[in-house]
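K.L.:
My structure is below; once you've seen it, I'll send some questions.
Computed from the coordinates by the stated procedures, all read-outs in this text should not be read as laboratory data. These numbers were taken from a predicted model, which means no experiment stands behind them. Note: ideal-geometry Cβ built from the backbone for every residue, glycine included; neighbour counts use all protein chains shown.
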Amino acid sequence: MKVLFASAECAPFFKTGGLGDVAGALPKELQKKGIDIRVVLPYYPKMPEQYKEQCQDLFSFYVEVGWRHQYCGVKQLILQGVTYYFIDNLYYFDRDGLYGFYDDGERFAFFQQALIEMMERVDFIPDVLHVNDYHTAMVPFLLKEKYRWIQAYQNIRTVLTIHNIEFQGKYSGDMLPDLFGVGMERYEDGTVRLDDCLNFMKSGILYADRVNTVSPSYAEEIKTPEFGCGLDVILRMEAGKLRGIVNGIDYELNDPENDPSLSYHFSSTDLSGKAKNKQELQKIMGLPVKKDVPLIAVVSRLTYQKGFNLVLDEFQNLMDMDVQFVLLGTGDPHFENTFRYFAEKYPEKCAVNITFDVKLAQKIYAGSDIFLMPSAFEPCGLSQMMSMRYGTLPIVHEIGGLKDTVEPFNPVTGEGTGFGFAEFSSYQFLQAVKKAVELYHSSQEAWHKLVLQAMSRDFSWETSSENYVTLYQELTGQS
């Protein structure tokens, strides 16, 4: 089976978030399962030199972006058995970041048409074209409305994965003729229109053969007005082709037995290294070395979506407990400054690092006891799975992917892999924290059992990718 995976970002080349992680990990696993998968990406010149040097120039052609006659170079790189195609155009992609520019609509209109027109030229006509988020969500529309005359493309099936429905690609309706070179019919009849805008995501949901999100609970949540961001009616209408598949995490990168970021390695059969990592983390963060005090951690963007208003509402109460707190992240200036204030007020208990540091993040996952993830909404979330992989128990708002991946502690049976709270309020958040801290202090035996249960859960892409294989097989009729 042949699959073309289209994304605006992909680790290890360039990424801003979860989409980049998925695009980096999922194709590798699908390739191991015998699928001929290739990935197509924009070529951002700011990608690391080691990968730029490996890129091979294949050919170039021109793409008509409305009246614009735009150069399109195609580069190729093969890494760990996966072939990557890069769409090269300096005017559109030689920028300081990946998104957030005034002409994002035009940039991704070019990218989507370029990747479709590239397929015949690289002699790779996929059985499934798998697109991701709004940046590529117009591809199913274009295949059926603009490029349907191309015989080779008529049997291509399409899958749209929604990583975050907040970002939809909303633009003026006249973009259809101006950038895509198609008529206004599907806009005027309301098919691709929402709130008097051309909506890339809506178009993808309606035109794709299958739509999935990155967790089963999120798939249900986005069908409601509370979480659907205006597309809930469309998703309820298309519910028959919607499903949720939980993301995995990269088990090679997140491995407590081999992680190069760690000074001490450990496993579920020998946790002595975890205790040593905790001591080292306390020293790095300037906290007193105390093995019998629970170390609570945050590694995150500091935003309202991630629930940090709840954390700060109760932070004084948190500091009144027998705990230590470490934080690594950047985000809302109000959150950054308030956490700094508490770090100065409680230097013996609270340490914050307002920055982005991958190596320190791994040390925090490995050296902490408790991991906070009280998100207001969370399509999937990776950090809670990474913390469990390192034997650090998460406290989560039971929503979206957090609900699907963390089993709240049951004091009667001892089952669970973390702690949860259902109502999104600072009071319920604090109750969950109290439950975790009390268990840590009262029963190390029960705590140890939870740690082992958390570490034994399988969040590998090897497992998650099976669901994508099944999805592709259903679409194509291939086994």
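K.L.:
Could you put 450, 143 in order, starting from the residue whose Cβ has the fewest other Cβ atoms within 10 Å?
P.N.:
Taking fewest neighbouring Cβ atoms as first place, the list is 143, 450.
K.L.:
Would you calculate the volume per residue, in Å³, of the smallest convex hull containing every Cα atom of the stretch 272-458?
P.N.:
Normalising the Cα hull of the stretch 272-458 by residue number yields 105 Å³.
K.L.:
Right, another one. Starting from the Cα-Cα distance between residue 271 and residue 479, subtract it from 0.36 nm times their residue separation and give me the gain in nm to one decimal.
P.N.:
Separation in residues times 0.36 nm, less the Cα-Cα distance, equals 70.7 nm.
K.L.:
List the trypsin sites (Lys or Arg not before Pro) within the stretch 1-98 that fall in a DSSP loop (any state other than H, G, I, E or B) and whose Cβ has at most 11 other Cβ atoms within 10 Å.
P.N.:
When the trypsin sites (Lys or Arg not before Pro) of the stretch 1-98 are filtered for loop state and at most 11 Cβ neighbours within 10 Å, nothing remains.
K.L.:
Restricting things to alpha carbons, find the Rg to Rh ratio for the chain using the Kirkwood radius for Rh.
P.N.:
0.99
K.L.:
Turning to a different aspect of this structure: So what J values fall out for the stretch 209-217 if you push phi through Karplus, 6.51 cos²θ - 1.76 cosθ + 1.60 with θ = phi - 60°, rounded to Hz, Gly and Pro as x?
P.N.:
Here the 3J(HN,Hα) series is 6, 9, 10, 9, 10, 9, 6, x, 5 Hz.
K.L.:
Over 16 Å apart: what share of the alpha carbon pairs of the stretch 29-74 falls there, rounded to a whole percent?
P.N.:
60
K.L.:
What size of dipole, in debye to the nearest 20, comes out for the chain about its Cα centre when the only charges are +1 on Lys and Arg C-beta atoms and -1 on Asp and Glu C-beta atoms?
P.N.:
Approximately 580 debye in magnitude.
K.L.:
Now for a different question. What number in nm² do you get for the stretch 336-385 if you take the convex hull of its Cα atoms and divide its surface by four?
P.N.:
So the Cα hull casts an average projection of 4.5 nm².
K.L.:
Size of the stretch 205-333 along its principal axes in angstrom, Cα-based, largest extent first?
P.N.:
Dimensions of the stretch 205-333 along the principal axes of its Cα atoms: 56, 37, 24 Å.
K.L.:
Here is a further query. For residue 194, enumerate residues with amide H under 5 Å from its amide H, sequence gap 5+ or separate chain, H modeled in the peptide plane.
P.N.:
Amide H to amide H, under 5 Å and 5 or more residues apart or across chains, residue 194 pairs with 199.
K.L.:
Could you work out the mean projected area of the convex hull around the alpha carbons of the stretch 1-153, in square nanometres to one decimal?
P.N.:
8.7
K.L.:
With the calculation restricted to Cα positions, what are the radius of gyration and Dmax of the stretch 308-413 in angstrom?
P.N.:
Rg and Dmax of the stretch 308-413, Cα atoms, are 14.1, 43 Å.
K.L.:
Among 150, 245, 87, which comes first, second and so on when ranked by fewest other beta-carbon atoms within 10 Å?
P.N.:
In order of increasing Cβ crowding within 10 Å: 150, 245, 87.
K.L.:
Report, to the nearest 10°, how far helix 18-32 tilts away from the longest principal axis of the Cα atoms in the chain, using its own Cα long axis and a range of 0 to 90°.
P.N.:
Approximately 70 degrees, to the nearest 10.
K.L.:
If I model a spin label as a point 7 Å beyond the Cα along the Cα-Cβ vector, how far apart are those points for residue 172 and residue 80 in nm?
P.N.:
Going from the residue 172 label point to the residue 80 one covers 4.3 nm.
K.L.:
Going by Cα centres, the stretch 260-309 and the stretch 370-444 are how many Å apart?
P.N.:
So the separation of the two Cα centres works out to 16 Å.
K.L.:
Could you tell me how many degrees, from 0 to 90 and to the nearest 10, lie between the Cα long axis of helix 333-345 and the main elongation axis, the longest principal axis, of the Cα atoms of the chain?
P.N.:
Between the helix axis and the principal axis of the chain, the angle is about 20 degrees.
K.L.:
Once R0 is set to 41 Å, what does the formula 1/(1 + (r/R0)^6) return for the Cβ-Cβ distance between residue 359 and residue 412, expressed as a FRET efficiency to the nearest 0.05?
P.N.:
0.55
K.L.:
Tell me which residues come under 5 Å, amide H to amide H, from residue 158 once H is placed; ignore anything under 5 positions away on its chain.
P.N.:
The list, which skips near neighbours in sequence, is 129, 209, 210.
K.L.:
For the chain, with the dipole built from +1 on Lys and Arg beta-carbon atoms and -1 on Asp and Glu ones, taken about the Cα centre, which of 384, 360, 425 lies farthest toward the positive end?
P.N.:
So the residue furthest toward the plus end is 360.
K.L.:
Would you report the distance distribution of C-alpha pairs in the stretch 81-201 as whole percents per 5 angstrom bin, up to the bin with the largest distance?
P.N.:
2, 10, 20, 23, 22, 15, 7, 1, 0, 0
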